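Read-outs: derived from the displayed coordinates by stated rules, not from any lab. On a predicted model such as this, the values are computed, not experimentally measured, just so you know. Cβ coordinates were reconstructed from backbone atoms using ideal geometry, including for glycine residues, and neighbour counts include every protein chain displayed.
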Amino acid sequence: MKVLIIEDESPAAEKLESLLRRYDPEIEIAARLTSIEASVNWLAGVDKQPDLIFMDIRLTDGLSFEIFKQVKINTPVIFTTAYNEYALEAFKVNSIDYLLKPFTYDDLYQSMEKLISLRENLPDTRHRLKIEELNDLLERLKKSYKTRFMVKIGEHIRSFKAEDIDLLYAEGRTVFIVTGKGRQYIIDYKLEDLQEILDPEMFFRLNRPYIVNINAIEDVIVYSNSRLKIKLHHPFENDLIVSRDKVGQFKIWFGMG
């Protein structure tokens, strides 16, 4: 992987380079640049852009967002900065993450793993991310998903964390949640609406009536005609079968593909 570092503070650039080599000794630093002007000239002059750019936001001659106005960048960018007020602006360009200085190796590791995850979830990633598809995934990353659900139990209202819900399913027009303790409650949502507001990294719609939490899955069993049967940590009375048209998506989501 070729990485371009745009950073006007030498100690910060050296630390970043050291962390990158710790993450992967085979990473090649394409260049270390310190200004908007130098970055524009370098990017405009190369035949092939690097695989990833680390970009400080405040440079000696202004904000690095100016670079995007002067040269087309088809490469994922991880912004690094000591200032948190630029996060929204960063995600208007092709940023995959925003590291607030001083960041640690663990912070860098998470950013690099996010890049790998994005690459693996794109349908065509032979050599380079398709920027349009990357932007679609970034929109999903930026989206705020529902983390709690309220249910009415008699005259009482209880709150459940989304992560504590093993399963959501519909019977006719009634939708239920099943908690990790095996208890079921009615919630006032349609399954189609739930699919939009639940975190897709945690929840997957197996078929028309069922949405499952990845952390609730104990086993995946190959079923008839290459279909899949899901077994939960806490037994559920009905069979949970991944519909045939969703098997491929499920395997990717579950890490089988």
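Amide H to amide H, with H built 1.01 Å from N, residue 240 comes under 5 Å of 230, counting only residues 5 or more places away or on other chains.
So which GluC sites (Glu not before Pro) in region 160-210 end up in coil per DSSP with only 13 or fewer other C-beta atoms within 10 Å?
201
Placing R0 at 30 angstrom, the Cβ-Cβ distance between residue 116 and residue 193 gives a FRET efficiency of 0.45 after rounding to 0.05.
Considering only trypsin sites (Lys or Arg not before Pro) in DSSP loops that have at most 16 other Cβ atoms within 10 Å, the longest stretch of the chain without any of them is 1-47. With R₀ set to 45 Å, the beta-carbon distance separating residue 66 from residue 224 gives a calculated FRET efficiency near 0.15.
In the chain, helical runs assigned H by DSSP with n ≥ 4 each contribute -39500 (n - 2.57); averaged across all residues and rounded to the nearest 500, the mean residue ellipticity at 222 nm is -8500 deg cm²/dmol. Looking at the calculated P(r) for the chain, what percent of the C-alpha pair distances fall above 28 Å? Of the Cα pairs, 47 percent sit more than 28 Å apart.
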